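The values are calculated or read from the model by the stated rules, or taken from the named source; none is laboratory data. Computed from a prediction, not measured in an experiment: that's the story for all the values here. Glycine gets a Cβ as well: all are built from the backbone with ideal geometry, and neighbour counts include every protein chain shown. Just the protein is used for accessible areas: all its heavy atoms, side chains included, with ligands, DNA and RNA removed. Shrake-Rupley method; radii C 1.70, N 1.55, O 1.52, S 1.80 Å.
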Amino acid sequence: EEVPDAVIPAASKKITSISSPLRAIVRLRRRYQGLKKSRLHLELPREKPAEFVHTRLLQRQLSLSRTALYSPSMSFFNQSGFESSQYFTFDTSVEHYSVKKSRRKKSRRKSRMVLYPDKTKKYLPAEEKSKAKRCLLLLIAIIFFQILNAIENLDDNLQKYDLDGLEKTMHREVFGQKVAVESIVELLKDYLATHIHNKPLVISLNGPAGVGKSHVGWLLAKHFRSVMDNDFVLQYFVMHHCPSGVDPLTCEIDLSQKISDMVTRAEIEEKTPLFILDEVELMSPVLLDTLSRFFEPNQTNEFLNAIYILISNLGGAEITQFVIQNASTELLYQQRGAEELLSTIQPVLASVHPLWKAADIIPFILLEKSHVINCFLEQMRREGLYPDQKHIENLANQLSYYTTGDKQYSRMGCKQVVAKVNLL
């Protein structure tokens, strides 16, 4: 049937009125997608090429087909998972990548946020102080006070023995032996500063006759008897306590008993006994062996806290020769000269007995004529005589001397001074 002409224009008008808005919507949508793609192309990196994506897709399909051969029941799930995959499809568009990246940024921002409860303060809690630090400070303070107390005890111990007064007395009454006096006082100060020792103090005074060795021993005995007690000082003279006719074993037993009793009493009262042994060169080998046992370091504590003064003329000839050879130089008053003199005396003493290896050797040098005159003055004052200078010089000239250059050294020291003064 033919359609009337009047009907056709009305239908075309109706279609036109419907399609024109649709075309406008389609054009707007296309323009919106184009703008969106261009904006994402500026922000995001370049997409991977289609060949690379196609290759990864083929690898994925091959792995799925292998899995389906071994487990048919899982092929459906794998296929469905592949269809719903968001990583290996041709639909990996720029829009999907941008949405995923924006979500990651939001998650990162949220993870960095620190949420505090409403009732808490927005700052870190205060660190608690460790109690170990306080204990450490307390321990340091205790150690400091212990050291301070030990230093004070050392000073008190030295003051108890009054070694400064002893030094002044010896410098005043001992002539020509300044170096020897200073060495003796220094050894005593170092030893008496504490009551705990690993070995006894052994001092050997060696030199020719009349140079003041026995006089120093007498001054030491007098001083220590005044600051301590007579029970802690022993003066042992070999010619008196052990004459030539007495059995050496009897002398050995007597000396051992005296030393043992004295150190035992001194340990109880926390004092240091003093043993002055004069004329040691006359001792028998038995007595020397006995003394060497007391000088050993491996003993009980009471035998370690003791002072032994050995007085002898051993090494006197070597000292006399050394002084005469070096009289014209200042070597006698230098450290190098003292070391050379000791190196000369030590082999001589060690050849007599090994006990001198454990001793501190102090040599006494020859006295000059001026020192002998001082000995006359001191002795005359003790006897209550008026010291006439001319008379004293006449007495001094009656003695014999070693003459070297412009110096004169007395052969017998001050040994004959007492006898000369007694004749006045």
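Numerical summary
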{"read-out": "Positions within segment 288-322 being β-branched (Val, Ile, Thr) and at pLDDT below 90, in sequence order", "value": "Thr300"}
{"read-out": "Count of residues meeting criterion [open to solvent by less than 20 Å² (accessible area, probe 1.4 Å) and among the aliphatic types (A, V, I, L, M)] in segment 237-271", "value": "6"}
{"read-out": "Positions within segment 161-178 being surrounded by 13 or more Cβ atoms within 10 Å (Cβ to Cβ), under 32 Å from the mean Cα position of the chain (by Cα) and on the phi < 0 side of the Ramachandran plot, in sequence order", "value": "Tyr161, Leu163"}
{"read-out": "Set Thr344, Thr329, Thr290: member being part of a loop (DSSP other than H, G, I, E, B) and hydroxyl-bearing (Ser, Thr, Tyr)", "value": "Thr329"}
{"read-out": "Matching residues, segment 396-412, being of a type in the set (A, V, I, L, M, F, W, C) and either surrounded by 18 or more Cβ atoms within 10 Å (Cβ to Cβ) or in a strand (DSSP E or B) (or both)", "value": "Ala396, Leu399"}
{"read-out": "Boolean, Ile365 is open to solvent by less than 10 Å² (accessible area, probe 1.4 Å) and closer than 20 Å to Gly210 by Cα", "value": "no"}
{"read-out": "In segment 188-211, the residues that are closer than 19 Å to Glu318 by Cβ, in contact with a helix residue (DSSP H, G or I) (Cβ under 8 Å, 6 or more places away or on another chain) and open to solvent by 10 Å² or more (accessible area, probe 1.4 Å)", "value": "Pro208, Ala209"}
{"read-out": "In segment 212-233, residue modelled with the lowest pLDDT [restricted to those that are among the aliphatic types (A, V, I, L, M) and surrounded by fewer than 20 Cβ atoms within 10 Å (Cβ to Cβ)]", "value": "Met228"}
{"read-out": "Tally of residues being in contact (Cβ under 8 Å) with a residue 12 or more places away in the chain and under 30 Å from Leu158 (Cα atoms) across segment 230-254", "value": "7"}
{"read-out": "Selection from segment 380-395 of residues that are open to solvent by less than 80 Å² (accessible area, probe 1.4 Å) and under 56 Å from the mean Cα position of the chain (by Cα)", "value": "Met380"}
{"read-out": "The lone exception for Pro297 - which of (1) touching a residue at least 40 places away in the same chain (Cβ under 8 Å); (2) out of contact with any strand residue (DSSP E or B) (no Cβ under 8 Å at 6 or more places or on another chain); (3) in a helix (DSSP H, G or I) it fails", "value": "(3)"}
{"read-out": "Subset of segment 182-214 [over 16 Å from Tyr308 (Cα atoms) and hydrophobic (A, V, I, L, M, F, W, C)]", "value": "Ala193, Ile196, Ala209, Val211"}
{"read-out": "Conditions (1) open to solvent by 40 Å² or more (accessible area, probe 1.4 Å); (2) among the hydrophobic types (A, V, I, L, M, F, W, C); (3) free of Cβ contacts under 8 Å to residues at least 60 places away in the same chain: number failed by Leu274", "value": "(1)"}
